[in-house]
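Worksheet: one structure, shown below.
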Amino acid sequence: MKVHYRAAAGLAVLAMAVAACGGGGSESKQPTAEKSQQAQQQMAETPAIAINEVPYEQVKDGGTLTVAIGQWPTQWNPYHVDGNQADTATMLDPVLPQLMMADENAEFTPNADYVTDVKNEMVDGKQVVTYTINEKATWSDGTPMTWKDLEASWKAMNGKDKKYKPASTDGWDRIESVKKGDSDKVGIITFAKPYPEWQGLFNRGTAHLIPAAHLETPDAFDKDYNQKIPATAGPFKVESIDEGTKTLTLVRDDKWWGRKAKLDKIIFRTIADASAEVNAFANGELDAAYIEAGNPANLQRAKQVPNAEIRKALSPNWRHITVNNSSEFLKDKSVRHAIAYAINRDVITQSDLKDMEWPLQTLGNHVFMNNHKGYVDNSGDLGKYNLEKAKQLLDAAGWKQEGEYRKKDGKEFALDFVIPASVATAKTEGELTQAMLKEAGIKITIRPVPDDKFFNDFIIKGDFDLVPFSWIGTPLPIGSLPQIYKTGSESNFPKASDPAVDAAIEEAVSEMDPAKAIEKANAADKLVWDMVHTIPLYQRPDIWGVKKTLANWGARGYKYYDYTAVGYTG
């Protein structure tokens, strides 16, 4: 979708596109061995990055980059559960600090504009990370960037003060202390429990750094960045936030201490409809357009734009259906199992990805993508379409077929499938799910809601039974486990809870040996499958139509953009 949601290992997104409505659930449509082999070959041939990489010196000075986002935020605080959207993070990238930067191989290095040294070491049996902040690093309000900004982030996010609403406490809740080092520019973070994915703190993996003053009280946390961005520290600054047109305009910041940004200006325009975005690109109004799954016509339109090209890469993003474990009809795990069996994931995947020139490969993991070295298909029987098994489970749970639908204690088994109103892909996914579950005797009502209220008013509040969206991942996928699936997390939207899952997650995120961490994450994933928290569909395409002359921007995969180097070659 084009509405993204972020997890410690990802953000969330809506989805914008038109999908051809495929067959119902009765056809197995399981991929043949030949098709699976073709998909794997396609996966191997898809690059890890496609951004037209050009050395900084060869990028022309000046110009404006105009791109679209799908959902306009009200909350610009990236730490806040209401600000945890990929579109928001994308707009904050040029104006807020990221202390560690990832490359296309998911390797992290310190961002020298903000930190001149970062050490991760064991001291007296505890993990200690020391950040030495660049002496020049200063917030736009004139306040120096110091260790106190790190401390305030931790205190707001660690979960101890229940008045805060963090998107995730993951990592933050493992910190024992944040203290001043030799000077105000040195922050020493000591972990009570090991945290192998510490590199994901203080960047878009969790949240960009913001000044301590705006985090020090729950009131400031909620209000200071609500409909405004009061302080920045990056190569660009905010020129205007236009609530009327839902447009953010950024310009070069003349107080920036790093190398000068090549672009004069960046404009983010809200365009909710995927076809409208591609049309704007074709008309020259945008310099790039995201090509959503489910709309091959948009892909073909973008391919025909003069002086443009298609850039696509493998990325840590994935499409799924979230299943509300706390809703009236879905509290029983055996009923959720029946839902999983009755949904033909291959049909939905093939419908969304048909003619998208993307591997038709269903995803069998909640943590690792198909191309990740840690990937194992953990879906087991639950990942396979089995209508008869679904019916048996529903019968055993007391839901008996009475006419068109099932009933229990006189109540009809009826679920709602909440979708963002303008997202055609989500509508098609709803229609396919509706047809499949009807065959199992379950009534599905598709409930369109306003795009800009989809997350905050429905998903976050748990007002849904089934809901499709995408998680936008980071180079550190294991960190998504506690954020999305652990009991009590603000981003555990279905309010699922299982002590065995929590224990397995704790083991995975505490394991410092990378190979063992992958093994433990896969063990946790098997339990998440059994819980039926989320039904994975596929690794989401990262496909862009882009002006050929636009450099260092496009399908970035795992890499974080360096906005000083983004610009044009002609």
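Remarks
- Residue within segment 522-530 that is modelled with pLDDT under 95 and charged (D, E, K, R) present: no
- When segment 503-520 is filtered for residues that are within 23 Å of Lys126 (Cβ to Cβ) and either touching a helix residue (DSSP H, G or I) at 6+ places or on another chain (Cβ under 7 Å) or of a type in the set (Asp, Glu) (or both), the ones remaining, listed by number, are Ile505, Glu506, Glu507, Ala508, Val509, Glu511, Asp513, Ala517, Lys520.
- Residues satisfying the stated conditions in segment 263-285, i.e. part of a loop (DSSP other than H, G, I, E, B) and surrounded by fewer than 23 Cβ atoms within 10 Å (Cβ to Cβ): Asp264, Asp273, Asn283, Gly284, Glu285
- Matching residues in segment 477-507 - criterion: being part of a loop (DSSP other than H, G, I, E, B) and either of a type in the set (Val, Ile, Thr) or under 17 Å from Arg540 (Cα atoms) (or both): Thr487
- Scanning segment 192-213 for residues that are in a loop (DSSP other than H, G, I, E, B) and either among the polar types (S, T, N, Q) or touching a Pro at 6+ places or on another chain (Cβ under 6 Å) (or both) turns up Asn203, Thr206, Ala207, His208, Leu209.
- Count of residues meeting criterion [surrounded by fewer than 18 Cβ atoms within 10 Å (Cβ to Cβ) and farther than 19 Å from Ala313 by Cβ] in segment 356-381: 4
- Search result, residues across segment 437-456 that are in a loop (DSSP other than H, G, I, E, B) and touching a strand residue (DSSP E or B) at 6+ places or on another chain (Cβ under 6 Å): Gly441
- The lone exception for Gln71 - which of (1) in contact with a helix residue (DSSP H, G or I) (Cβ under 8 Å, 6 or more places away or on another chain); (2) modelled with pLDDT under 85 it fails: (2)
- Residue ID - surrounded by the fewest Cβ atoms within 10 Å (Cβ to Cβ), chosen from residues in segment 110-155 that are in contact with a helix residue (DSSP H, G or I) (Cβ under 9 Å, 6 or more places away or on another chain) and in a strand (DSSP E or B): Asn120
- Search result, residues across segment 297-335 that are part of a helix (DSSP H, G or I) and over 23 Å from the mean Cα position of the chain (by Cα): Ala297, Gln300, Arg301, Ala302, Lys303, Lys333, Ser334, Val335
- Condition check for Tyr225: surrounded by 20 or more Cβ atoms within 10 Å (Cβ to Cβ) and closer than 30 Å to Ile444 by Cβ: no
- Across segment 82-96, the number of residues qualifying as hydrophobic (A, V, I, L, M, F, W, C) and under 13 Å from the mean Cα position of the chain (by Cα) comes to 2.
- Segment 374-398, residues that are in a helix (DSSP H, G or I) and free of Cβ contacts under 8 Å to residues at least 60 places away in the same chain: Asp381, Glu388, Lys389, Ala390, Lys391, Gln392, Leu393, Leu394, Asp395
- Tally of residues being closer than 30 Å to Ala313 by Cβ and surrounded by fewer than 19 Cβ atoms within 10 Å (Cβ to Cβ) across segment 383-410: 1
- Only residues that are more than 16 Å from Lys547 (Cβ to Cβ) and without any contact (Cβ under 8 Å) to a residue 40 or more places away in the chain were counted in segment 288-308, giving 1.
- Any chance Val54 is buried (at least 17 other Cβ atoms within 10 Å of the Cβ), under 30 Å from Asp170 (Cβ atoms) and not basic (Lys, Arg): no
The values are calculated or read from the model by the stated rules, or taken from the named source; none is laboratory data. Computed from a predicted model, the values in this text were never measured in an experiment. In this analysis, Cβ positions are derived from the backbone assuming ideal geometry, glycine residues included, and neighbour counts consider all displayed protein chains.
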